[in-house]
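The values are calculated or read from the model by the stated rules, or taken from the named source; none is laboratory data. This one's a predicted model, so the numbers in the text were calculated from it and none came from an experiment. Using ideal geometry, Cβ is built from the backbone for each residue, glycine included, and neighbour counts are taken over all protein chains shown.
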Amino acid sequence: MTDTTDDPIATSPRDVADRASRLLAALEPMHQADRIDRVRARLADAGCDALVVTKLENIRWLTGFTGSAALVVVLEDRLVFTTDGRYGEQSEHQLEAAGVEAARTVAGGEGQRQAIVDALDGIGRIGLEADDVSWSRQRRWEGDWFADAELVATEGLVDALRVVKEPGEIDRIEAACAVADAALAAVRPRLAEEPREVDFALELDFAMRRLGAQGTSFDTIVAAGPNGAMAHHQPDERRITEGDLVVLDFGALVDGYCSDMTRTIMVGDASPTQQRMLDVVAESQAAGVAEVAPGTLTGDVDRVCRDIIEAAGWGDAFMHSTGHGVGLEIHEQPAVAAKGTVTLEPGAVVTVEPGVYLPGHGGVRIEDTVVVTADGCRALTRAPKTTAVA
């Protein structure tokens with residue numbers, strides 16, 4: 001994909017839509033087979049001889065498979081993939097397209113179980129994804145599937161490798177961000193027409209799909225007036241009216257990869273308190289984005305944002321973390337939070353989204369998805385942060 005770092009920021013709905021279309025048409029291929037070797041290199045340090053991958057996002061990252069049911073075993077010398085009859089042909093095509101060689105079993109539950117048991121016969125230490133495997137499943141596997149092996153709880157063995165994105169992954173996230181930018185540009189003028197929150201959310205969702213998204217990366221938030229004081233309010237029947245701050249938090253999904261953006265728009269004239277909220281959060285968010293760079297701890301990004309809001313006297317009104325990683329999941333590693341200890345590296349994709357929520361006045365949140373570069377970061381969400389209705 002062409003580097004768009006120095007592109008002028010398009011503002012007209014047509015120009016923004018054209019940019020989204022260009023990015024969608026130029027997605028760089030991905031190379032899943034290389035990822036499997038990277039997981040193998042981590043097995044010994046994790047204390048296991050093989051890994052059973054159960055988390056679907058991790059299975060997709062490793063194999064390209066997009067179905068809703070599969071198990072994958074990573075061994076030192078081979079990969080074993082199992083799924084059920086619904087996904088036989090699909091899995092064959094997707095693994096081949098990803099360049100992944102695997103012993104593939106398509107069968108019912110007992111057939112899949114036997115394929116996994118056979119693959120792990122004689123393996124002494126079998127790693128499980130501790131954050132994904134339920135207690136009941138672990139007990140069943142311990143007593144039935146792998147009775148002669150030691151089960152090892154692994155944490156982040158695959159997820160940690162997903163933190164630094166490859167160019168093809170960044171392409172997809174940037175394209176998803178561009179689709180969201182274009183959708184907001186298309187529907188933003190409707191805010192002046194007093195739509196219901198739920199109707200505006202549906203229009204925004206439809207615009208993202210019309211512009212090329214597979215869907216939304218999470219349930220769209222439209223929170224107007226007093227509803228904005230609830231950080232994760234779900235759209236309801238309330239009409240957006242003059243004097244409302246409107247928090248819009250939404251994202252598009254492109255080839256499995258998410259975008260995430262929040263803009264807060266003032267309908268009509270802001271009160272002195274509302275204007276101060278907008279100014280303080282804008283200052284906090286800009287400082288947080290400026291802090292994102294290689295070598296920076298995620299906790300330091302949170303601290304920079306939080307210090308500005310606390311200095312304004314609203315520390316208690318900023319009740320969530322500053323951000324999170326974005327990729328195949330809308331919330332993934334690393335956490336950009338007060339106790340965050342992850343050191344950012346080029347290729348990591350995170351959000352910066354401070355907010356202030358005041359009952360009686362509403363809420364303000366501003367969020368960008370950014371990618372860490374060699375000397376700082378680059379915003380992938382580019383919708384203007386102007387607060388007035390277009």
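For Thr4, the conditions (1) at pLDDT 95 or above; (2) more than 26 Å from Phe146 (Cβ to Cβ) are fulfilled apart from (1).
Condition test on Asp375, is it of a type in the set (Asp, Glu), in the same structural domain as Val254 (by TED's automatic domain parsing) and closer than 27 Å to Ile265 by Cβ? So Asp375 does not fit the description; no.
Scanning segment 9-56 for residues that are in contact with a Leu (Cβ under 7 Å, 6 or more places away or on another chain), surrounded by fewer than 16 Cβ atoms within 10 Å (Cβ to Cβ) and polar (S, T, N, Q) turns up nothing. Among the residues making up segment 309-324, those that are touching a residue at least 24 places away in the same chain (Cβ under 8 Å) and in a helix (DSSP H, G or I) are Ile309, Ala317.
Can you find even one residue in segment 309-316 that is among the β-branched types (Val, Ile, Thr), more than 27 Å from the chain's Cα centre (by Cα) and outside the structural domain of Ser68 (by TED's automatic domain parsing)? No: segment 309-316 contains no residue that is among the β-branched types (Val, Ile, Thr), more than 27 Å from the chain's Cα centre (by Cα) and outside the structural domain of Ser68 (by TED's automatic domain parsing). Looking across segment 144-197, the residues that are among the hydrophobic types (A, V, I, L, M, F, W, C) and in contact with an Asp or Glu (Cβ under 6 Å, 6 or more places away or on another chain) come down to Leu151, Val164, Val187.
Per the conditions (1) in contact with a strand residue (DSSP E or B) (Cβ under 6 Å, 6 or more places away or on another chain); (2) within 22 Å of Ile173 (Cβ to Cβ), the sole criterion not satisfied by Cys305 is (1).
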